[in-house]
Structure formats: C-alpha cells, structure tokens
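The values are calculated or read from the model by the stated rules, or taken from the named source; none is laboratory data. Every value quoted in this text rests on a predicted model; they were computed, and no experiment measured them. Ideal geometry is used to build each Cβ from the backbone, glycine not excepted, and the neighbour counts take in all protein chains shown. Ligands, DNA and RNA are excluded from the accessible area calculation, which covers all protein heavy atoms including side chains. Shrake-Rupley method; radii C 1.70, N 1.55, O 1.52, S 1.80 Å.
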Amino acid sequence: MEENGEKRWNFWGMGKLNPQSKTSIRGLLMKIWGSVNKDDPRPLLPLGHGDPSPFPCFRTTPLAEDAVVDALRSAKFNSYPPTSGLQPARRAIADYLSRDLPYTLSPDDVFLTIGCIQAIEVTLRALARLDANILLPRPCFPFYDSFASSINLEVRYFDLNPEKGWEVDIESVEALTDENTVAMVIINPGNPCGSVYTYQHLKEIAEAARKLGILVVTDEVYHHLTFGPNPFVPMGVFGSIAPVITLGSISKRWLVPGWRLGWLVISDPNGILRKSGIVECITDCLNMTSDPPTFIQGAVPQILEKTGEDFFSKTIDILREVARICYERIQEIPCITCPNKPEGSMFVMAKLNLSLLEDINDDLDFCLKLAKEESVVVLPGVAVGMKNWLRITFAVEPSVLEDGFGRMKAFCERHAKKQ
C-alpha cells in the first residue's frame with residue numbers, strides 16, 4: 001500500500017500507551033536536566049534522585065564487592081537461575097529478614113527479583129484481577145501508579161498527614177475501600193517523605209487491613225536506614241493480623257542500586273496468600289519475566305551474613321548529618337517549608353510558598369528555572385502526587401548539599417516578590 005507516493009507501513013508508536021511516563025521521576029528529571037545551562041562552569045548538583053553511590057562517602061562495603069568477585073570467578077554462577085531464585089540466596093534472605101520478625105520465614109516465602117521495581121511489577125500484576133482496585137499513599141513513589149495504569153489496575157489514593165509525621169489517614173483508607181479493593185501499599189521508611197512509622201501505627205494499619213479484608217503491600221527498600229527516634233519495624237511483624245507482601249532489596253542499605261537484586265517476600269504465617277492463590281499467581285508472573293543476574297544471587301549469602309555493623313553505622317551517621325543540614329538549610333529559605341525533620345530513607349518533602357515568589361508558576365517551573373540558573377536539580381512534587389512541593393534528596397556529600405542549598409537560597413532571593 002502507498003499513500004501520497006510513499007510506502008505505508010502497518011505499525012506506529014503508541015504515544016498514549018502510558019501517559020504517566022511523562023510525569024515519572026526519570027521523565028521529569030530528564031526534562032529538568034535538559035534545561036541546565038551547559039555554559040555554567042559550576043558542577044551540576046543532583047538533589048533529585050535516590051542514588052548515593054556516585055559519592056565517595058556512600059561507597060558500599062569492600063566485603064560486598066569481594067563477594068561478587070568471588071561468585072563471578074567461581075564459575076558456578078554462569079547459568080540461568082531457577083524462576084524464584086537460587087536456593088542459598090533465598091535462604092539467606094529469609095534468615096536475614098527473620099531476625100526482625102516474631103516468626104521464621106522459609107526460603108519458599110522468598111522470590112528474587114530484578115531490584116525492587118520488578119517486585120512491584122510482579123506484585124501488582126498478581127493482584128490485578130478484573131475490576132480490582134488498589135490503594136496507594138499520597139505522596140507516593142510514582143512507579144506504582146504508572147505500572148498499575150499500564151495493566152488496568154484501578155488506583156485510589158489515601159492521604160498521608162504531614163502534620164503527624166506523614167502517617168496514614170486510616171479513615172481515608174476505610175472510605176476508599178469497597179468489595180473490589182485488594183490491597184493497600186505503604187512505604188516505610190518513606191519515599192518521598194523521609195518518615196519512619198512507629199510500631200503502634202503499623203499495628204493500626206494491619207488491624208484496618210484485617211477489618212477491610214485486604215492485604216498490605218509494604219515497600220521496605222529503605223529498611224533500617226533510620227536515624228531519628230523511631231527504629232525501623234517491618235510490617236511483617238503484623239503478618240498474623242493481616243497478610244503482608246514485603247518488597248525490598250540490597251540497593252539502598254548496601255548502596256548498590258545498579259546491582260539490581262531485590263526480593264518479594266510472603267510475610268503471612270497464617271498461609272492466607274497461598275490459600276487464595278496469590279502465591280501461585282506470583283510464581284506464574286515470574287515464569288514470564290527475566291531474573292536478577294545469577295552471580296549477584298550467588299554473592300547474596302556472603303553479603304547478608306558477613307557485612308559488619310560498622311559499615312551500616314557509618315552510613316547512618318552520614319545520613320543523620322546530611323539530613324540535619326538539609327532540614328536546617330530549608331529553614332533559612334522563607335519560600336520553602338518542611339513540616340518534619342527527615343528520620344529515614346534519603347529524602348524530604350518541602351512545600352513551596354509561591355505567593356512569596358515572582359515569575360514562578362508552579363513546582364515544575366521552579367525546578368526548571370533552578371536548574372537553568374543554578375545547575376541544581378531537585379524533583380518537583382507533582383512527580384509524587386504533591387503539586388507545589390519539592391522532593392529533595394540529601395544522600396550526597398555534605399559539601400555538595402551545602403553548595404546546593406546555597407545556590408537554592410540565592411535563586412529564591414533573586415525571585416522573591418518585592419515588598
């Protein structure tokens with residue numbers, strides 16, 4: 001077939017297949033990076049994404065590096081792995097997570113994934129029966145929404161309360177739930193909020209889920225990265241109250257997001273998820289996907305069993321210091337306010353007061369102009385469901401953070417509304 005003298009082809013891009021991709025973290029950061037003035041001699045300061053590994057103070061432990069080298073050179077891990085992961089790795093993860101639980105996980109409860117992202121994909125796909133809906137927090141890591149939309153899983157948002165440490169509004173959850181609601185998602189420690197939930201609040205969430213007949217999907221990719229008054233408590237502690245699917249990885253605690261080793265864990269001592277067929281669906285989904293690299297799986301037992309507390313303590317000490325710097329520097333900028341000092345993860349949410357600024361239309365406009373004028377990149381809150389907020393990453397070198405806030409303060413002073 002020809003059209004206007006040219007060969008006509010029967011294929012074309014589905015530009016509207018997933019419109020959420022344009023407001024994804026990567027999509028927005030690429031747009032913001034594109035506005036940076038290439039003639040600015042100053043270094044670009046990345047305060048918009050959660051990868052601390054380029055900074056020397058956040059290098060992983062040599063023990064983890066050696067474990068990967070040993071696994072690779074052993075020539076034992078060059079084959080395809082089993083669908084659910086290598087058994088020694090699954091056993092090591094079960095033992096590692098069981099340290100914080102009132103019951104013992106089995107290797108059969110653990111499924112290895114390509115980072116936490118694939119764990120999210122598999123979980124949502126396993127839950128996406130006809131007419132199902134899932135409850136997500138607002139603000140939220142945006143991949144949940146974008147992937148749910150791509151598989152026609154309806155999303156409903158419940159609110160997090162910034163005045164109460166970004167706690168879940170339980171009444172909002174109850175009001176949103178109907179007979180087609182299958183699960184609610186929590187992220188603890190919080191991305192993007194920097195929050196850490198108390199034992200009591202997590203128990204309240206579990207009791208609400210039981211009352212509503214839904215499971216809890218808990219994203220714990222930042223597990224144990226806490227530096228405030230609340231210790232990390234895994235949601236799986238309450239798996240006997242309501243079934244829990246725990247998502248995690250070595251990416252953040254070991255500072256190796258590029259290694260792409262995550263897990264999906266059935267935290268359900270009553271066996272409800274197996275009886276209901278959810279575990280079988282998870283296995284079926286994994287049968288149709290790729291696997292994390294076999295040699296990384298081979299290194300997992302050594303990494304989890306032998307990493308010393310001194311490495312973790314050093315990371316926490318640095319995060320505590322940069323979180324303090326971040327919170328204090330925000331307080332020096334009148335048009336930005338932070339409702340809570342971050343207590344975990346690597347982020348903080350800060351609210352823009354546009355009434356104090358000239359020529360700034362919204363949070364995205366703020367970020368685009370900040371990047372262009374100051375070579376500082378932060379994430380607009382619209383990416384995580386909070387328009388006219390900012391998500392700021394503090395997991396960088398302290399000197400980089402100080403420089404970044406110095407530039408941000410100068411930018412805000414330059415754009416301040418004249419009195």
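Report the relative contact order of the range 267-390, percent, no decimals, based on alpha-carbon pairs under 8 angstrom and at least 6 residues apart. Write out the running numbers ahead of the final one.
Details: 89 pairs, mean separation 17.2, N = 124.
Dividing the mean separation by the residue count of the range 267-390 yields 14 percent.
Expressed as a whole number of Å, what is the distance separating the alpha-carbon centroids of the range 80-130 and the range 22-45?
That distance is 35 Å.
What fraction of the DSSP beta bridges in the chain is antiparallel, stated in percent and rounded to the nearest 5?
Roughly 55 percent of the beta bridges in the chain run antiparallel, per DSSP.
Return the equivalent ellipsoid semi-axes of the range 161-291 as a descending list in whole Å, where each equals the square root of 5 times an eigenvalue of the C-alpha gyration tensor.
Working: eigenvalues 104, 97, 30 Å².
Ellipsoid semi-axes (Å, largest first): 23, 22, 12.
Which of ASP317, ASP39, ASP108 ends up with the largest GNM mean-square fluctuation for the chain, with Cα atoms connected below 10 Å?
Result for the chain, Cα springs under 10 Å: ASP39 fluctuates most.
Straight-line reach only, C-alpha to C-alpha below 15 angstrom: list the aspartates and glutamates that LYS275 could link to, leaving out same-chain residues fewer than 8 apart.
Cross-link targets: ASP108, ASP109.
When the Cα centres of the range 181-260 and the range 313-384 are compared, how far apart do they sit, in Å?
First find each Cα centre; the distance between them is then 24 Å.
Between GLU179 and TYR103, what is the label-to-label distance in nm when each label sits 7 Å out along the Cα-to-Cβ direction?
2.9 nm
Quick one: which of LYS31/LYS418; LYS351/LYS417; LYS252/LYS387 span more than 20 angstrom between C-alpha atoms? Don't jump to the answer; show the numbers that get you there.
Values: LYS31/LYS418 30 Å; LYS351/LYS417 17 Å; LYS252/LYS387 27 Å.
In this structure, LYS31/LYS418; LYS252/LYS387 lie more than 20 Å apart at Cα.
Place +1 on the Cβ of every Lys and Arg and -1 on the Cβ of every Asp and Glu in the chain, take the dipole about the Cα centre, and give the residue among VAL348, PHE77, LEU176 whose Cα lies farthest towards its positive end.
The residue sitting most towards the positive pole is PHE77.
What's the extension gain from LYS203 to ALA416 if we count 0.36 nm per residue and subtract their Cα-Cα distance? Walk me through the numbers on the way to the answer.
Details: separation 213, 0.36 × 213 = 76.68 nm, distance 4.48 nm.
Stretched fully, the LYS203-ALA416 segment lengthens by 72.2 nm.
Find the accessible area per residue for the chain; the probe is 1.4 Å, ligands and nucleic acids are left out, and the unit is Å².
Values: 18750 Å² over 419 residues.
That works out to 45 Å² for each residue.
In degrees, nearest 10, range 0 to 90: what is the angle between the Cα axis of helix 87-98 and the longest Cα principal axis of the chain?
Once rounded, the angle reads 70 degrees.
With each run of n ≥ 4 DSSP H residues scored as -39500 (n - 2.57), what mean residue ellipticity at 222 nm is computed for the chain after dividing by its residue count and rounding to the nearest 500 deg cm²/dmol?
Details: 13 runs with 152 residues, N = 419.
Calculated from helices alone, the mean residue ellipticity at 222 nm is -11000 deg cm²/dmol.
Roll a 1.4 angstrom probe over the protein heavy atoms and tell me the percent of accessible area of the range 278-415 that is carbon or sulfur. Write down the numbers at each step before the final one.
Numbers: 2590 of 5240 Å².
That fraction is 49 percent.
What ranking, highest mean first, results for peptides 349-357, 381-389 when packing means the other Cβ atoms within 10 Å averaged over each residue?
Details: 349-357: 17.4, 381-389: 20.8.
Answer by packing, highest mean first, reads 381-389, 349-357.
If you roll a 1.4 Å probe over the range 125-170 with all protein chains in place, what percent of the accessible area is carbon or sulfur?
Numbers: 890 of 2000 Å².
After summing per-atom areas, the C and S share lands at 45 percent.
If you average 1/r over all unlike Cα pairs in the range 349-398 and invert the result, what Kirkwood radius do you get in angstrom? The partial results should precede the final answer.
Working: mean 1/r = 0.0892 Å⁻¹.
That comes to 11.2 Å for the range 349-398.
Among the aspartates and glutamates, select those whose C-alpha is under 16 Å from the C-alpha of LYS164, and discard any that sit fewer than 8 residues away in the same chain.
GLU204, GLU343
What is the distance in Å between the Cα centroid of the range 147-177 and that of the range 392-408?
Using only Cα atoms, the two centres lie 31 Å from each other.
Please report the base-10 log of the normalised intensity I(q)/I(0) for the range 260-333, using a Debye sum with one equal scatterer per alpha carbon and no solvent, at each q in 0.19, 0.21, 0.28 (1/Å).
Cα-only, vacuum Debye calculation for the range 260-333: -0.93, -0.98, -1.19.
Restricted to Cα positions, what overall size does the chain have along the principal axes? Three whole-Å values, descending.
Principal extents (Cα only, largest first): 68, 65, 51 Å.
Starting from 0.36 nm per residue, how many nanometres of slack lie between ASP40 and GLN331 once their C-alpha separation is accounted for?
Taking ASP40 through GLN331 to full extension adds about 102.0 nm, to one decimal.
When 1/r is averaged over all different Cα pairs and the result inverted, which Kirkwood radius in Å belongs to the range 293-415?
One over the average 1/r among Cα pairs gives 16.0 Å for the range 293-415.
Gaussian network model of the chain, Cα springs within a sub-10 Å range: biggest mean-square fluctuation belongs to which of ILE134, ILE205, ILE278?
Sorting by GNM fluctuation, first place goes to ILE278.
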